[in-house]
Amino acid sequence: MLSCCAKLSCCQAGCFKPRYKRLVDNIFPANPEEGLVKSNMEKLTFYSLSSPEKLDRIGEYLYQKATHDINRRRYKLVEIAMEAMDLLLMACHAQTLNLFVESFLKMIQKLLEDANPSLQIMATNSFVKFANIEEDAPSYHRRYDFFISKFSSMCHGSNDNVEIRNNIRMAGIKGLQGVIRKTVSDDLVENIWERQHMEKIVPSLLFNMQSGNAREEEVNEEDNEPKTPPVLAESVLRELVSRASFSHINDVLKPLLTHLDHHQLWIPHEFAIHTFQIVMLSIQPQYSYRVVETLMSHLDTTASAKTKTYIAVVLSAIISIAAGESVGPSALDIINNLLTLLRDSVRRDSGSSKNPTIGQYQENLINALGQFANHHPDYQKIEIMMFIMNKVPTFSKKDEVDQVLQIILLKSLLKVSVQYRTVSFEKAFPASFLQPLLKMAKVTESKVRIIVMEILQALIDRHKNQQTLSVVTIKKYHSLSLEPPSRSDIIFANKQVGNLMNALINSMLLDDQVITLESAYTTAALMISEMGCIETLQEFMVFIFHLQNKALSLEDLTVRHKCNLHRIAISLATFISRCLGIFTDYCEQLIDKRRQNAPFLLPPLTEDSSPTLHSMNLEIPDELLLDRPFIVSVLQKSGIRSERLQMESLFPSDRRPSLIDGISTRDGNLSDTYPDIDSIKSSPDVSRKALNLQELNMLELNFEGMKRILTAPLESVKLEEVNKEKREQMAKSLKEQDFDELMKFNESSHDHIQNKLNELFNSLAMDRPYLNNDNTLNPKNQKPIYEKNFPELFFF
């Protein structure tokens, strides 16, 4: 009797259950090992599609059954319930998806909270399927905080079984990828870029990337799916960075930098370089410079010198990627930040003992600057070099910081100049860049002068002759590449060779170190090879004779120093004679005489400091020196200009020759001496009187005379002043006098005009006599209108 009642009650309970519950119950088999009942699942799917308002109830009932089974550890039934929810999720239309998602996410959360790894992996796979579904309308109340935290913890899984550990980590990374895809594309849902989320996601990805070498892992070529946590983590990081907008870049970079700092992953720097290369290559190109700026800001806040050195290595490795998208102000801003870091490092290190790590750090920053400039066009490299040159402090013997900073910034300038490809010297050496650079070539610090010479060599050498011409010799250079200079190069040489050579001479006279002299010689030889021609020959010969004259006349130079200067002079003269085929025989004869009588005047340069050399009385016969009159005669016979070499005072002083010097010391044409004389009177706001050469020769050319010439007003100026006075008087009379007074005042001055008018009308009357018969038009008692006088102010 009792059994019959029990069966009746169960039957009544089953009959009175709602239909959706009966359909859900039917998908579970009697034996859980058999799996989901497919036929009944199809009925449940059809019912949910035909009655979408029941979806939320179906999902809630499945969640209750799965919770009940989890508590009783009936994991097979839990898997069946999860599989049913996945099928219903895939079958739902986008309009009705929100009705089912809440129960679906509750089910996933319940599975993730369980300690069973298989349930966690199954829940993650279901969440990834859900993340790939596009929804028409966002759900504003949906939160993913739990999923971000749980998936991040799974990324740090530490199960003893390697296979299970890797599977859990893979599931955690996939879960984070699903959260990113679900939230990052819609601004109306939860903001995934918030700090509390990024501080969990980014370190989790980096932790898996550093656990293995992702670059050595192989990817399945068939399905193109990563098979290991490092490869998958790298893929997700690329996706995350590629989706970051301008305002969210720092949200990704800050936890990345913090993770590298806390785990000391800057040393060694391979992983840091690889990570930042991923970021630079994945980020939107127009935002890449922001990564560089953020890394430089982090570099400035880092205290450890060793860590800063390796961060600078990372910076130099990635900065070239940002160079392609950095133009205009952004490029100069990065350069300015690098220079600021260099300046701060010099000043910070000045008070302490010299740290080799700081020196390496500075070299890495200089390399980064060079890498950045190398990927810019040449016109921007010129702007960068000018910008750096303006940052170089003036030389000060008292301030050691400025001295070190000067060397560091010039090294940076050298790094950029090596990357520049010179086409025209006019563009490579603008005045605002060349003048301060030549000023640096005259400082007493030999290191600074050597760097300046290397900068000049890098910009002048267009045919890769620097290595060949680095040796001072009278022998013929082999494998030398020469090309005739263009017209613009000749014009530049005529304007600037004097300034360049003057700087080289001053550099060579400051000390007798061989390395300094060789550097200046190489610069001069490169100038000859690039700009040497018939039109510029005398400019270079003036430099050579000037150098020889200094070696003879300056008494404070050592004997060794004087000998080295004579060696450089004969080497340059021989080199230019062979390049242009002029007075070659004379140079060979002079070399033979020196080889016989004074071999110490021939290369190579020496650092001999023996007492014998110091006690030597260096009196060189004229026959062993370069003969200026003979070379002038050779040039004249060849039809080559030699006015500069014929001057009585070839070297007036170590100052720039003025206009007066050129007129008073030469008999030739002024335009021959100063071909750019038109530029003398091109200065704005200055009025100068135009003078020809005859007038200049007749005038007394001293200070007072030139002052009178330049301050004397021009005829046009005088005429303008007279006209201005007349206009002022006329305006005054117009304001103060009445009309009758103006008429009387102007009657006498208009007599000649009246006479001309009378003659004109008389001639017209003679040509047309019939007009005189018309008395009605001109009565005798009325004065003709044309005989009336008008004031002058009515004429124009």
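Every number here is computed from the coordinates shown, using simple stated rules; none is lab data. Note that the structure is predicted; figures quoted are calculated from it, not measured. Cβ sites come from the backbone with ideal geometry, for glycine too, and all protein chains shown count toward neighbours.
Between Asn116 and Gln589, full extension at 0.36 nm per residue minus the direct alpha carbon distance yields a gain of 160.4 nm. Subtracting the Cα-Cα distance of Arg143 and Arg195 from 0.36 nm times their residue separation leaves 17.2 nm of extension gain. Measuring r between the beta carbons of Glu60 and Met90 and using R0 = 22 Å, the FRET efficiency lands at 0.70. Taking a sphere under 11 Å around the Cβ of Ala569 and counting the other residues whose Cβ falls inside, with K and R at +1 and D and E at -1, yields a net charge of +3. If R0 equals 25 Å, the separation of the Cβ atoms of Leu482 and Asp378 corresponds to a calculated FRET efficiency of about 0.60. Relative to the current alpha-carbon distance between Gln264 and Glu759, full extension at 0.36 nm per residue lengthens the span by 167.2 nm. Here the spin labels are modelled as points 7 Å beyond Cα on the Cα-Cβ line, and at Glu163 and Ala30 they lie 3.5 nm apart. Annotation for Ala431 and Gln286: the two label points, set 7 Å from Cα along the Cα-Cβ direction, are 4.0 nm apart. Rg/Rh for the stretch 531-638 (Cα atoms only, Rh after Kirkwood) is 0.98.
Here the alpha carbons of the stretch 503-543 define both size measures, Rg and Dmax, at 11.3, 33 Å.
Between Asp627 and Lys254, the simple spin-label model (points 7 angstrom out along Cα→Cβ) gives 8.2 nm.
Rounded to the nearest Hz, the phi-derived 3J(HN,Hα) couplings of the stretch 366-371 under the Karplus curve 6.51 cos²θ - 1.76 cosθ + 1.60 (θ = phi - 60°) are 5, 4, 5, 4, x, 5, where x marks glycine and proline. Backbone phi angles across the stretch 450-460, fed through the Karplus curve with coefficients 6.51, -1.76 and 1.60 (θ = phi - 60°), yield HN-Hα couplings of 5, 5, 4, 5, 5, 5, 4, 5, 5, 7, 7 Hz in residue order; Gly and Pro are listed as x.
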